[in-house]
Structure formats: structure tokens, C-alpha cells
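Below is one structure; the comments refer to it alone.
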Amino acid sequence: MKRYAQDKNRRHWSSIAQRADSAGIQQHSPVGHRDEQSSDIAQIGRRNFLKLMGASLALAGVAGCRRPEEAIVPYVDQPEEIVPGVPNYYATTIPFDTSAYGVIVECHEGRPTKIEGNPAHPSTRGASSIFLQAAILGLYDPNRSAKIRQGGKNREFADFLSFWGEQAAAFAADGGAGLAVLAEPFSSPTLARLKSEFSQAYPRARWVTYAPLSDETRTTALKSLTGAELVPVYRYDRARVILALDADFLQHESESITAAMDFAAGRQPGDAGAAMNRLYVVESAYSTTGGMADHRLRLPSEDIGSFLLALLRELADRGLALENVPSGIGNTEFNKKWTAAVASDLLEAGQAGLIVAGRRQPPWVHELVFLLNHALGSAGQCIDFFPLNDAALSSTAELNKLTTDMAAGQINTLFILGGNPVYNAPVDFNFAEALDHVAHTIHLGHYHDETAQRSAWHISQAHVLENWGDARAVDGTLSVVQPTIASLYGGYSDIELIGALVTAGPAKGYDLVRTTWQSIIGPNDFEKKWRRVLHDGVFEGTVSEEITFTPLKSADRIIAELSPPGRDVSQENLELGFYASNVFDGQFANNAWLQELPDPITKLTWDNASLLAPLTAEKLGVANGDMVELHLDDRSLALPVWIVPGLAEYCVALPLGYGRRELGRVADGAGFDTYLLRTSGGMSYVRGATMTRTGRTVELANVQDHNTMEGRPIIREATLSEYQARPEFAREAVEHPPLKSIYPDYDYGKGFQWGMVIDLNVCNGCNACVVACQSENNIPVVGKEQVAKGREMAWIRTDRYFAGSLEEPRLVFQPVACQQCENAPCEQVCPVAATVHDKEGLNTMNYNRCIGTRYCSNNCPYKVRRFNFFNYTAEMAEVVKMAQNPDVTVRSRGVMEKCTFCLQRINRAKREARKRGQELNDGDIQTACQQACPSRAISFGNLNDPASRVARLKAADRNYELLAELNVRPRISYRAKISNPHPQLAADEPTGGRHPASETGQG
Amino acid sequence: MSAPITETPLLTGKHSFSGITAKISGIAERKAPVPWYLALGAALSLLLVLFGSIGFLVFEGVGIWGVNNPVGWGWAIVNFVWWVGIGHAGTLISAILFLLRQRWRTSINRFAEAMTLFAISCALIFPGIHVGRMWLAYWMFPIPNQMGMWPNFRSPLLWDVFAVSTYFIASLLFWYTGLIPDLATFRDRAKIKIKKVIFGILAMGWRGGNRQWRHYELAYLILAGISTPLVLSVHSVVSTDFAVSIIPGWHTTIFPPYFVAGAIFSGFAMVVTLTIIARKIFNIGDIITVNHLEKMNKIILLTGSMVGYAYGIEFFIAWYSGNMYEQFTFINRAFGNYAWAYWIMIFCNVLVPQVFWFKRLRRSIPVMFIASIFINIGMWFERFVIVVSSLSRDFLPANWDYYSPSIWDISTFIGSFGLFFTLFLLFIRFLPMISMAEVKTVLPEADPHHGVAHSRPGGRHD
């Protein structure tokens, strides 16, 4: 009893300062005590969080709770203080490889809840991607490392500094011999400054940069071709004919957001002033870019280079001004007709003809491609070249040297700043083993991952939304990374750690970045301009000067150095290809949104697999879910098979980033580690693999069992010429009787009437809308088992269908959300009237009234309603709850949920308009899916306003409503997909799966 | 002049009024036989399974079942419709056959009515527990509340609530009214106080006077009149759960008559199954004779043929409609992912009853026992095919998914048999399972001309 009283007493705060201290609020210094704070935060419940908020208000003058300590400037509002319930928006930047993506972060009461692209930033222009959207969840990941550890013991940053202090003194004496830094690629003035300061301080130290997926091959090619480090920025909107060689530029290449936006802009058939480009894709696996192709040629990855040679020959024969094309190349027969069509199209397009090679292709392919673009005139027209300033580029060769030296014991101290080389370095480097030969290893990382586990020191890394930094976009535009929340787990940024290395003392990220920017902005009016940069998210006027592309090499020199192509692929000589996945290279493996996000092509969640073409699978005698063993030299890997139509035969596509152990609750056990087969000689693809069956099978959770449209008029398509001949083909595709209801029609002629149009012609299935919706609407993650049962919760999903033959299928995507039917079948059958229409035409859902009969879902022809079969949010870690949007109800067990056109955004926009005393304008409301969409495929607005974009699109041709023949009167309509085949190839195109107008639906 | 038509006697063997009373009351008065205890033990075990399954369901959520996104309704709704269907025979026998003066019903009506009530009890479990938040299931009732919120009267689920509860109440009243004279008999024969009191209350002061009989028979007739349309309406309304929707395979105007025929079909099959067991155990083959069973088999043959016809016409209409979704649904039923269920259904419901064209088979106890069980299985599969196969593949192929039941789906269904048999076993132990008063009316002694030459055997003049 006495003990209890004592304990209880201890729980009472004796003073307000102590109270604040207990929550770790008081810390001003960047060093020390961060540990306790981070371990506390994972335990903080909503109630406690509010309590702490209360405590922090009491301490308003002392410290801000969960807010960065330094001055940050809101993007839209200029709040004197936080207004509860009113979000603030902050501009910041998310660097990724050598790119920078400007974003705007929505913060509620000091916690970031949503990320959008920054319209002012050149690499996002207001749109985003799955990775940007999911960064919010990454911030709150409870499995992020929260500790500084040395050999299994918890340490303070001060301990590390004293450790480094001793080391630094020794290194200072000998110029840093035996000291090495292994960092991730960057393009950042501050990091570049610190890197050069580091090199000055330790001239003999090594700085190696490595990332498993990067633009290394392209930059290498450009360097060898022009002598300079250049970054090409593709202007797809200016291209009339695009040939993509193994380039998934709409999804997994760098700068995919603007690529998708520009590509969509150049693909607007029939719209005034716009035109329709033509896309040729040569690839091995099926990518989203391949799905958008007008013509797709599937080839093993290694043969794509040979195809390029054949094309080069063809172009040279047709008179392309290309010097020194050696005869005797390009003899490999591929598809003669295809090659001829591409060549003639490219020549005709001239400087509007663009060839893009992907990062999976070797440097020589890039070199030839740039030479061809140069000869066509598109280099400088469709490709702008910018200098790569302040950047560090990934180099596998450098990593190889470093690893060799490590193994030889020549490296005494190794700093691994971010990255996870133990997991993702080429397997033949034996990086983990080499690491054991290094006396002192220090790892800075977000997770206590594979590398952290094998390093002597591990320092937790701050999330990009928690730290200061800066970045340079590909076109040179500078922007600042500003924190939107005080560090949750007490991490340190790479800038802070390098700062500490250079100064051998604590360094604050804020000071380091400002020091750099003082030289960028200049001393005049610094504070004002600095605040402007923080506010805007970009430093206006910092676009680099374009560089004219001048090749120093000719084609014959490149070709002369080529080694002969390898043996043809066969059953005994499979080609393995390594691909970025929904978790990219594995760095997002513990992000549940991305794990549960279906792969755009395979529709698998929570797993990767060895992807095979149907015929190859048949020859190898394997089926979906069969565990097979892949053998490559003396290495092997067991993983399941998944059959994907349209892959090149005898090519095995292996998505990277899965198969993690002891990383986190989400990542562990999901998928298989394909890095185990990835060698430095086959970073993208390698031949000589074989496959054997193990006899076992595993269950894979895919969200779409059926892959064809069964001849139904679901996604309506036509070629450009068919469309021009019959612009109303989409509406005419289905004949049906007059659509009358037995109930009197509601008058929707008044007020706002919300509607949406989705343009299937530009949707590339990237899934940014899906993750954006999940973030905006607090959609729970349900896990592999539930997905396998068919209980995924996405409110908007992208349906993916294959059309045409099994070998050469076309791919079509269709985002489907609640269609907000005016004559909604779900509403009529609900016994308790839990789903009802509002006067603005929304099919609303009253969660409190729902008893969960699921009749609405059964009666929904689109099956867009989602049911909470369990209490899916019950097991959500407390800290993850902070990521939730306070404007959207969190649903409990047993209720139905679905899309309501982001009703909370509609209401907020109305409130804001009323406060301004103005009418709501078209475009004031953007739904989350619409805002994220990089292709700008989604339009939303008031149907009663004939001038609104959505009303105009609905009136235009190509517009059709899905299943309109059921008389449900959906408020979402689709714009039909138009393909633009080459006339000479059009005849070869399979027509199966298209829906000519003769086909009838409901009779 | 042709010879007078002679009817087969409704009862075999020699019976007297007192003999009937002694025999039927004796079942409830004697010490229960050992098999009864064994059966009750088994039934109670199953009932525990039901309670356990429901308990876990309330604790965890509907996710413990196999239902998923396209297939929002699974075994729970299949079981509901199946049990409601079983519950059709009782009232049909009681009400419609009563109005049609089919006096062979007297031996089996009590039995069948009880079966109806217990089947409806089982059925009523499922709509209550299959909802996501079962503690709020009462919101389906039009209960005045502070929100001024009424249920949605356009929803067939709400019609269901009214139809099934009305049917249950009407059946209960009908059954109870029929029980009153027999309850009085039990009261009069009771030897212990407690029985006297209970049966005394239940018998509502029945003395068997002429005036009471007149009121009683009128009341019984009126209740029969009320119940008759209910027999047809309840399953018609249940069928609108499907017919009112827009899902191909559900959206069908044939459903109300088709469901009613199917319900009677399955109800009679269940009566046959249970009767065969009861007459064996309690040795009442002379009261419930093979003739009774044969008549029921004829009804099974009739309704089975109607159901078979409906299966055929569905295919015809799917083709005739020119609706691609409808056509696909039916081709998919027969040859798609649930073809196995469809062919089980066709075998059990269409092929098996054909044996009853043959008199010898129609009167063979083993044959009809096996056939009736097949029919009950077949009718369960019919509902499974309708509910699951239609949902699993509807309009957009991207949504298609396969449904399989979980262990909890199965345990809940099996558990519902526990409830059914527990109630049934208690019924045959404590209440007169054959209507003594009514059976006596078909004895020769009940004929006013009994003992007079040329009186027709088999009962009084109508």
C-alpha cells in the first residue's frame, strides 16, 4: 500500500517545469536526452498528447511542443499561433537521390498529416507520387530507430562526440588515412559544402557514394560523351514521337512526376491546341510506361541494346545525319516492320522525336541514345541539359574499391551516412564481411537495419520532415528542407553528423544550412529573402543555365568498345532483371501504405515474386504461387512465381526491396530478398540463371483475380483515327432503353453539384491517387492476410486489365472510386438509412448510423464500398495515430466506409470562401486523388457551373459513364482512352478487348 | 352407378379415443427413453457450439467469417434463407391444408408447426448476428427515438424484418391455439402439482364445452385464414432481398414464386426427415402412416418440379433478355467458379425428387429418408449458389473474388442445428407432439354414423 502511494505520488508533477521535462519538451540543445523523449513518444496516446499540448501551451514562451525550435514560415497562412482545427501549411523539400521534390506539408496542431506537391517547385508542380505521399507514414513509423547505440548499449550523442573526438585527433595528424565515408547520393549545397570541408580537413579520407538504384549509368554516359556531369531534363510535352528503351519514365525513373505531367500534356487528342504524341516502348518486364505505349516491343533487357543498334542502322540507312556509323551493326533481326515504323516516325518528327533510355540500360546505350537525339535535333529541344552542381553521384565502382580496401583492412573508420549497404550492395562485394574488417563503423540510419546491426555505432537518423537541409532540383532550382515537427525519435540529420565530423563538436542543422545560404543569398536583406525561400519552398531565379549538348565521341567509337551480346535466353539461360518496386529499393519496406499498395502491374501486395511470362511459366511447369529456386552461378534464391502476361519470354523480373528481417513490424516477412542474386556485373539484368521447382506453394495476396474485361464496355478505347471518324464513339458504345426511375427525380439543378471526370487516356496507373486518398481519409492498413481474403480498404483503386493476346497484351488502367450515383443502389437498400444523398449530389455515409448489413456493398455495381470486418485501427501504434487527418472520422469495426469526394475538403473550401466573402471558384476544391495525380487525369468541380472544367469535360466527346445502362446515374465519368498507332503497325494490333460501338450492353 | 370411392384409412391399426390420448400423452408422461437423453446431450453440445461461435463473433467481428468485398453475404444469409424455407411446411400444413380440408394433415400438423417455429427461431438468429455491429441490430425496428430517425422503408431488409416476425407471431399463435385442447388433456392427466399449474395456465380454462369448441374452431379457422397468405408472402419478401437489387443473378422477377415453391419443397423434406425419425423412436407408425408420408412426397415431387422449372426458365430469360451481364452470370453458375455447387444443387433438387414418380419408391421409408436429406442439402446449395456465385462475379471483372467459408461460418451453421434440435427434443418430451384432439376427429368413432352400415371408414361426414 505504501509502495503504491509512493509510486502514485511520483506520477504527480511537482512543478510545471518538471511536467514539461517528463515529456521531453524542454530540450533546446541538439545533444543529450533525446533518447527518453523518443521512447516516450511511442507510448503517447491521444489523450496524453492533448495533455502534453496543454502543458506546452503553459510553457508557450519556453518551448513549442513538437514544433521545430527555429523560425519556420507557413506557406499560406501567417498564423500568430496555431488555431486548433485550422491546419497550417509549410513548404519544404524531399530530396531523393540527386533529385529534389518540393512539397507542401499540412500540419494540424503541430503534427504533419498530409503532403502535397508544391506548385512552385519545378519537380513536382503541385503533384506528387506514391513515395512523397507515403512519407507522412514514414515519419511516424514506430519502428524507426530512436537510439544511439554502441555494441548493443544505449549511448548519448555526447558519447559519440567524445569517441569521434579521439579519432578525429588521430586522423587530423595523418590527413585521414583509413577514414572513409559511405554516403547516399545528394544534390545539396550544404552537403556539398560540408563534403568539401571534410575533404579539406582529411585530404586522405575517402568519400564514396552509393545507391542501389540511381542514374549512375546515364550520368556516366553523359560524362564520357561530353566530359561534363550533366543531368538531362526531358520535355515530354514537346515530343511528338517518344521511344522509351527500358525506361519506366512515368513511374520509377527519376523526375517521374513532371514526366507524367508533360507526357499527359502531349497526349490530348481533339483538345484545342493540343496534340497526341505516339509512344513506343521496348522493355522486358511490363511497366506502367509500357502500359501507356501505342506500340510495345518486349525484348530481354540485354537485347534492347541490340535493338538500338538495329534502329541506329535503320535510321542511318534512312538518312539520319549521324557520323561514322560502322557497317555491320544492327544485323540482329527483331521486328523489321516495327523497327522501320519507329525509324520513319522518329525521322519525321525530327526534333520532336525523343528517345529515352532507362537507368537499367548500360552507359553505352545511353551514349548512343543521346547521340541519336542529338542527330534528330531533339537534344536541346525535347531534352534540356543542366549541370549537376553540388551533387554526389552513386558509383558502384567506387564502392567496389572501398569494399576491397575494407576487406584488406585498410579502412580503420567507416561512416555510413544513410543507406543500407549490408542489405543492398552488390552481393559479390560481400560488403557485410568486409565491414567486419573495419575497426570502427558508424552507421547513421532511419532504422536499426541490416547495416546498423553489423556496425559498432548506430546513430538514429532524423526524418526528412524533421530536419534542416537544402536541395537542388534537376534544373538547378534551390530550395530548403525545413522541419515541420520537432524530431519524434531524437534523430540526427546527415548534415548534422557531417557537421560534427568536420567540427568534431555538435552542429545544428539550422545553423549549417543558414551558413550555406548566407553565401547563396548574400548578406543583403538576408533574413527577408531567407524567409521568402522558406515560405515559397523555392529560391526563385536559381534555374541553372542550360548547357548545349556537344558530344565528344562518335557512334563508331562507342560501338567499337562493345562486347558481343550474350547467348540467347532459353529455358536453361534465363535472364534475371532487377526492378524498383512499391518500396523502391527497400528504403520504404517498413511503410505499410506502400506494402499494402498493389503493384500497378502484378496487383500483388505485401510481397514480391519472380515474375514470368505465361508461356515461359508453362515451359518451366510452374504456376502462380509455386515456390521456385533461382540459381545463378553458385547463388540461389527461393521465391514464389507470379505470372504476368506481356513479359519477355525467359526473362524473370525480380522486384527489389523485400525479404527483410528484424527491420520492423511491417517489413519483416514481406517478400523475398532479391538482392541476394544481384551482382555488380548484373545490377540491372544478368543471364545464365536457371529455375527449379521446390514443390512448395505459398499464398500471395493480390487484389485483382481477374485480368480481362470479358468483352464488357468498361474501359472504352479507340484509335486516333477511329476517334476522329466517330468522336462520340464512347457514348455510343452501349445501347440501352430510356433510363427512367420509378421514384420521382430529385432536382439537382440548384446549388453546387459535385462531379468528377477521370481521363483514362492519360492515367498511367501510378497509384499516387490511392496513397493520397489513404493519407487524407485515414484509411486503415489491414495486412496481407486480410488482403488475401479480399478485404483491402482502398477507397480509390486502379483496376488493371490486360487486353489482346496473352503474349502481346495491352494494358489499361481505370481508377475507380465511389461514383456518387444520383440514383444510388446502395442508398435504397440500407435498412437504417445510414447512407443517404445530400443536396449537392454526394452519396454520404453516416458511420454512426451504419449497423453493417453490407447490403449496400452487395448492391454496388462498382464494389467501391469497404467494410471494417475487424477493428482495423485497434492495433495502430499510438504514434501513427498522429498521422491521421483530424477532419475525417476514424471508422470502427462493423461499419461500411467509402469515398465521399473528400467532403472535408469541400467544406473547408466553402468555409474559407465564406470568410473571404467570395464565391467558391472552380479549382478551389481539389480532392486528394486529384491533387496528387501527376498526369492531371482527374478533374473535379461543380456541374452546375457550365464554365467549370469538369462541366466542360463532361460535355465534350470521349466522355462516358461506367455502367450508365444500370440507370444509377454516376457523378464520375470517364474519358475514353485513345491510342495513336503507327498506320503501318495498326493492322497488326490485336483488336480484341476494344469495344467498337456495335457491341451492346444492357438490352 | 359406380361403386363409392373408398379412401384409404388415415390411421392404421385399432384406435380408440382413449387409446390415442393414452398413447400420445404417455410419450410426455413416461420416463424419457435413453435415446432421448443422448439426443438432447448431442443437441445441447451443438447449442454450445452456437453460443461459442456467436460469442466469438461479437467479440471479434464479422471478419471471423469468410465474407469479403464482393461477397458481402455468405453462409449467414444462406442459412437464414434456408431455415426460413424449412419453416414453410408447418404453416402450409396447418393453414392451407386445413382450409382445403386435407384431413390427413391431422397426424403431422402439430409436429410440422413446431418445426416451423423452431426453424424460424434458427433463421432469426442470422440477420441479427450477421451485421457488423450486432448490438445495434434493433435499429432495423421502427422504434421511436430522440433522433426522429426511422428505418428506410425502401429497403427489402426492412420488409424482411416485418415479414419474418409477422410470420413467426402468426405461426406461434396458430400453434398455440391448436394446442389448447391438448394442453387441457395434459392438465387433467397431470399427477403433480407443478404440472397441473403450468398446464392449467396454458390451457386457459379449457373445459371442452360445446360453446368453447365453437369459439375454438372459429378462431382456428380465422387464424388459418390469416396464416395462409403469410405462407406465400414471407418467402416472397425474403426473395426481394435479392430481387430488388441490381446484381445479375439476383435481379429477377421470378424470385417470389420460385422461392415459395423452394421453401415448401425444403420444408416438406425436413418434415419427412423428422417424421421418419420420430415415428421410429416413439413407435407411432400407426398414427403417422406411410400414407401420410406418401402424400408429402407427392408435394415434394410437385414443388421440386416447380423449382426445376425455375432453374430452366432463369437460363432462358438470361438469354432472352440480351443482357450480357445476366447471360454471363448464368453461364458462370453452371460452368464457372462455383459450378460444383450448382451441380450439387441440380442433382439434389431436380434429379433426386424424380424417384417419387414411382409408387414403390414413394412409399419406401429408406428411399424417402435419403431423398429428403438430399433435398435439404440441395436447397441449402440453391441459396448458396444464388447468394455467393452472383456476388462473386458481378459487373466489373476487377472486383471478382472467391468466397470460402471459415471455420466459424461452419460452426455457426452446425450450432444452429443444436438450437433446432434442442427445442424440438424439449417439445416432443413435454408437449403433445401429435394433435390428439384433431386425430380423434379422423377416427371411425368420430363419425356420427359409426357403427351404422355403409358408413364410410375414415371419418365423419364433412
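The values are calculated or read from the model by the stated rules, or taken from the named source; none is laboratory data. Here the structure is a predicted model, which means the values were calculated and not measured. Don't worry about glycine lacking a Cβ; one is built from the backbone with ideal geometry, like all the others, and counts go over all protein chains shown.
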Just to be sure I understand the filter: pairs with C-beta atoms under 8 Å, separated by 6 or more residues or on different chains, first member in region A:701-723 and under 18 Å from residue A:963 (Cα atoms) and away from chain B (no Cβ under 12 Å), second member buried (at least 17 other Cβ atoms within 10 Å of the Cβ) and hydroxyl-bearing (Ser, Thr, Tyr). Which pairs pass? A:716/A:960; A:716/A:974; A:717/A:979
Matching residues, region B:150-206, being within 14 Å of another protein chain (Cβ to nearest Cβ) and assigned to a helix (DSSP H, G or I): B:156, B:157, B:158, B:159, B:160, B:161, B:162, B:163, B:164, B:165
Restricting attention to region A:676-701, report how many residues are surrounded by fewer than 16 Cβ atoms within 10 Å (Cβ to Cβ) and of a type in the set (D, E, K, R). 3
1 or more residues in the same structural domain as residue A:199 (by TED's automatic domain parsing), without any contact (Cβ under 8 Å) to a residue 60 or more places away in the chain and surrounded by 24 or more Cβ atoms within 10 Å (Cβ to Cβ): qualifying strands (runs of 3 or more DSSP E) within region A:409-484: A:440-445
Within region B:271-329, track down each residue that is farther than 27 Å from residue B:355 by Cα and in a helix (DSSP H, G or I). B:317, B:318, B:319, B:320, B:321, B:324, B:325, B:326, B:327, B:328, B:329
Hits in region A:821-849 (condition: away from chain B (no Cβ under 13 Å) and either surrounded by fewer than 17 Cβ atoms within 10 Å (Cβ to Cβ) or in contact with a His (Cβ under 9 Å, 6 or more places away or on another chain) (or both)): A:822, A:838, A:839, A:843, A:844
Restricting to region B:318-376, and then to whatever is within 14 Å of chain A (Cβ to nearest Cβ) and among the small types (Gly, Ala, Ser), can you tell me which residue is farthest from residue B:271 (Cα to Cα)? B:322
So, first residue within 11 Å of another protein chain (Cβ to nearest Cβ) and farther than 13 Å from residue A:844 by Cα in region A:885-901, second residue in a loop (DSSP other than H, G, I, E, B) and polar (S, T, N, Q), Cβ within less than 7 Å, six or more apart or across chains; the pairs are A:891/A:868; A:892/A:868; A:892/A:871; A:893/A:868; A:893/A:871; A:894/A:868; A:895/A:868
Give the number of residues within region B:252-287 that are crowded, with 23+ Cβ neighbours inside 10 Å and at pLDDT below 85. 2
Looking at region A:771-787, can you tell me whether even one residue there is among the basic types (Lys, Arg), surrounded by 14 or more Cβ atoms within 10 Å (Cβ to Cβ), within 30 Å of residue A:883 (Cα to Cα) and in the same structural domain as residue A:886 (by TED's automatic domain parsing)? yes
Within region A:526-554, of all residues that are acidic (Asp, Glu) and outside any helix (DSSP H, G or I), the one farthest from residue A:477 (Cα to Cα) is A:546
How about region A:209-317: which helices (runs of 4 or more DSSP H) wholly inside it have at least 1 residues that are hydroxyl-bearing (Ser, Thr, Tyr) and over 21 Å from residue A:811 (Cβ atoms)? A:216-226, A:256-265, A:301-317
Just checking: which of the helices (runs of 4 or more DSSP H) contained wholly in region A:674-789 hold 2 or more residues that are under 23 Å from residue A:286 (Cβ atoms) and touching a helix residue (DSSP H, G or I) at 6+ places or on another chain (Cβ under 6 Å)? A:768-776
Among the residues of region B:389-413, count how many are within 11 Å of chain A (Cβ to nearest Cβ) and within 26 Å of the chain's Cα centre (by Cα). 1
Look through B:241, B:286 and report the one residue that is of a type in the set (D, E, K, R) and either under 17 Å from residue B:83 (Cα atoms) or within 13 Å of chain A (Cβ to nearest Cβ) (or both). B:241
How many of the residues in region A:850-865 are more than 7 Å from chain B (Cβ to nearest Cβ), in contact with a Phe, Trp or Tyr (Cβ under 8 Å, 6 or more places away or on another chain) and basic (Lys, Arg)? 0
Name the single residue, out of those in region A:790-812 being part of a strand (DSSP E or B) and over 25 Å from the mean Cα position of the chain (by Cα), that is farthest from residue A:292 (Cα to Cα). A:804
Within region A:160-207, the residues that are surrounded by fewer than 16 Cβ atoms within 10 Å (Cβ to Cβ), of a type in the set (Asp, Glu) and at pLDDT 90 or above are A:197
Hey, among the residues in region A:706-752 that are closer than 15 Å to residue A:814 by Cα and basic (Lys, Arg), which one's modelled with the lowest pLDDT? A:712
